[in-house]
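Trainee: Here's a structure for you.
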Amino acid sequence: MLSEEEALILKTAEKIGTMVGRDYWLRCAREKKSPDMLWGELLKTNLTSAGVERVSGTGLLEAALVQEGLARAGLPVLQFLTTHLSRTVIAKYGTGQQFERFVRPTCEQGKKISFCITESEAGSNTWRIRTFAKKRDGGYILNGQKTFITGARESDYLLIVARTKRYEEVEDKKDGISLFVVEANNSGISFEALNIELYSPETQYTVYFDGVELSDENLIGEVDRGVNYLFDCLNVERILIAACSIGLGEYVLRRAVEYAKQRVVFDKPIGSYQGLQFRMARAKAHLEAARSLNYNAARLFDGGGKVGAEANMAKLVASEAGLEAFEIAMQTFGGNAYDLDTDIITFYPVIRLFITAPVTNELVLSYIGRHVLGLPKSY
Ligand SMILES: Cc1cc2nc3c(=O)[nH]c(=O)nc-3n(C[C@H](O)[C@H](O)[C@H](O)COP(=O)(O)OP(=O)(O)OC[C@H]3O[C@@H](n4cnc5c(N)ncnc54)[C@H](O)[C@@H]3O)c2cc1C
């Protein structure tokens, strides 16, 4: 399924994740510290540039392998994901100058980008976002707010989805959406941490834009046409989330298998009891199926194909397979699963997150229903 080179990327990322380790990851989460050791190792091995064709000659598949490899070691590195999906659109639709200013530093210095699309009122209905960039001479003035933004304060740059024409003023709801990339420490940008526990060092924020002055160099591509670029972004996001779900599923399943081999109850290892064994076997099969779908989607993207259907299906199947693996891991560990120190239940928030974010599975199903099966639109 993977070439030798691709397999090496997956293995290297997993090795780095294992070396950095869950203990370090959880300590950073408790102490609200950035996992700098991890980013240092990714930089040393050039994995920070995985997926950036102009720098490393690699594509989305390689970025997905890094994401999956780290997750296979128990590290759901969401800032790798937000950085990569953001730099993909900047690299593809931005100028050469924007590439040098915002993309190259993510490869060569480990700088990070947060992706800011969600607004509390609009929710899944992105068309109804209200963050607005008003044109002025040489640039824009940005006002509004975004919520649930992963790693926003710790990131170096923000990729912001804003309206440049109000929803009420356009005939086509897709018109008037624009993408901007900006330094996170720009004046007028402030952050409020949310009380979310993912047992990960990456905090979620509400981000406020209060009269932020943007220049024309902050705009990606053409004004009002951002929706064309956004779809690329969102498909990359689905594929990376799928990679993370698969990797975490593999991690908790591996832990469950190890435990089931050595835990003896009624004089036999519990792994011999088919009530557990079959569920583990089923989870493994579903993770493998998700992996095939995901690699296929990533390869299609790298070949320049349309991947809406494939990326959505991979996200759906992978998020469900990850959760299934988590469920059987919980059952295998019995009462011990509830002890935070066993570090199994600690995976629930993040594995379950992928059913809801970056897009809910209801909207994914709705996409497949409409665009793959040709069923009528529901909303
Ligand atoms: C930990 C975390 C990290 C996140 N990180 C980021 C980030 O970095 N950047 C970012 O921009 N966002 C981020 N998000 C936001 C995330 O993408 C949204 O929470 C998600 O897209 C769902 O939107 P919502 O929460 O507004 O739910 P809502 O849109 O309010 O949906 C609520 C429920 O209604 C259902 N529903 C809504 N409409 C329909 C319909 N038409 N048909 C069927 N069901 C429907 C949904 O499926 C869902 O189950 C993050 C969220 C979390 C929790």
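The values are calculated or read from the model by the stated rules, or taken from the named source; none is laboratory data. Note that this is a predicted model, so its numbers are computed, not measured. Because the Cβ atoms are built from the backbone with ideal geometry, glycine has one as well, and the counts that use them run over all protein chains shown. Just so you know, the surface numbers come from the protein's heavy atoms only, side chains and all, with ligands and any DNA or RNA stripped out. Shrake-Rupley method; radii C 1.70, N 1.55, O 1.52, S 1.80 Å.
Trainee: I'd like to check something: does the stretch 281-289 contain any residue that is assigned to a helix (DSSP H, G or I) and open to solvent by less than 30 Å² (accessible area, probe 1.4 Å)?
Mentor: Checked the stretch 281-289: at least one residue is assigned to a helix (DSSP H, G or I) and open to solvent by less than 30 Å² (accessible area, probe 1.4 Å).
Trainee: Output the residues belonging to the stretch 338-362 that are farther than 15 Å from Tyr251 by Cβ and either in a loop (DSSP other than H, G, I, E, B) or of a type in the set (S, T, N, Q) (or both).
Mentor: If the condition is that a residue be farther than 15 Å from Tyr251 by Cβ and either in a loop (DSSP other than H, G, I, E, B) or of a type in the set (S, T, N, Q) (or both), then Asp339, Thr356, Ala357, Pro358, Val359, Thr360, Asn361 are the ones that fit.
Trainee: Can you tell me which of Thr150, Thr126, Thr206 is among the polar types (S, T, N, Q) and surrounded by 20 or more Cβ atoms within 10 Å (Cβ to Cβ)?
Mentor: Details: Thr126 fails: surrounded by 20 or more Cβ atoms within 10 Å (Cβ to Cβ); Thr206 fails: surrounded by 20 or more Cβ atoms within 10 Å (Cβ to Cβ).
So the residue among Thr150, Thr126, Thr206 that is among the polar types (S, T, N, Q) and surrounded by 20 or more Cβ atoms within 10 Å (Cβ to Cβ) is Thr150.
Trainee: Identify the single condition in (1) on the phi < 0 side of the Ramachandran plot; (2) within 14 Å of the ligand (Cβ to nearest atom) that Arg263 does not satisfy, given that it satisfies every other one.
Mentor: (2)
Trainee: Out of all the residues in the stretch 15-47, which are assigned to a helix (DSSP H, G or I) and open to solvent by 40 Å² or more (accessible area, probe 1.4 Å)?
Mentor: Correct list: Lys15, Thr18, Met19, Asp23, Arg27, Arg30, Glu31, Asp36, Met37, Leu43, Lys44.
Trainee: Please specify each residue of the stretch 250-280 satisfying the condition of being open to solvent by 90 Å² or more (accessible area, probe 1.4 Å), part of a helix (DSSP H, G or I), out of contact with any strand residue (DSSP E or B) (no Cβ under 9 Å at 6 or more places or on another chain) and of a type outside the set (A, V, I, L, M, F, W, C).
Mentor: Passing the criteria: Glu258, Gln274, Arg279.
Trainee: Right, here's the next one. Out of all the residues in the stretch 126-155, which are farther than 16 Å from Gly226 by Cα and near the ligand (Cβ under 9 Å from one of its atoms)?
Mentor: Lys146, Thr147, Phe148, Ile149, Thr150, Gly151, Ala152
Trainee: Which residue pairs have Cβ atoms closer than 8 Å, lie 6 or more positions apart in sequence or on different chains, and pair a first residue in the stretch 103-122 that is in contact (Cβ under 8 Å) with a residue 12 or more places away in the chain and more than 13 Å from Thr83 (Cβ to Cβ) with a second residue that is among the hydroxyl-bearing types (Ser, Thr, Tyr) and near the ligand (Cβ under 9 Å from one of its atoms)?
Mentor: Between residues of the stretch 103-122 that are in contact (Cβ under 8 Å) with a residue 12 or more places away in the chain and more than 13 Å from Thr83 (Cβ to Cβ) and residues that are among the hydroxyl-bearing types (Ser, Thr, Tyr) and near the ligand (Cβ under 9 Å from one of its atoms), the close pairs are Ile117/Thr126; Thr118/Thr147; Glu119/Thr147; Ser120/Thr147.
Trainee: Restricting attention to the stretch 17-44, report how many residues are over 17 Å from Thr83 (Cα atoms) and in contact with a Lys or Arg (Cβ under 9 Å, 6 or more places away or on another chain).
Mentor: The number of residues fulfilling the criteria is 4.
Trainee: So is Gly74 out of contact with any His (no Cβ under 7 Å at 6 or more places or on another chain), part of a helix (DSSP H, G or I) and closer than 19 Å to Arg254 by Cα or not?
Mentor: No, not satisfied.
Trainee: Quick one: how many residues across the stretch 103-125 are more than 11 Å from the ligand (Cβ to nearest atom) and either within 16 Å of Phe209 (Cβ to Cβ) or outside any loop (DSSP other than H, G, I, E, B) (or both)?
Mentor: Within the stretch 103-125, residues that are more than 11 Å from the ligand (Cβ to nearest atom) and either within 16 Å of Phe209 (Cβ to Cβ) or outside any loop (DSSP other than H, G, I, E, B) (or both) number 6.
Trainee: Would you confirm whether or not the stretch 93-102 contains a residue that is in contact (Cβ under 8 Å) with a residue 60 or more places away in the chain, more than 16 Å from the ligand (Cβ to nearest atom), open to solvent by less than 30 Å² (accessible area, probe 1.4 Å) and not in a loop (DSSP other than H, G, I, E, B)?
Mentor: Yes, the stretch 93-102 contains a residue that is in contact (Cβ under 8 Å) with a residue 60 or more places away in the chain, more than 16 Å from the ligand (Cβ to nearest atom), open to solvent by less than 30 Å² (accessible area, probe 1.4 Å) and not in a loop (DSSP other than H, G, I, E, B).
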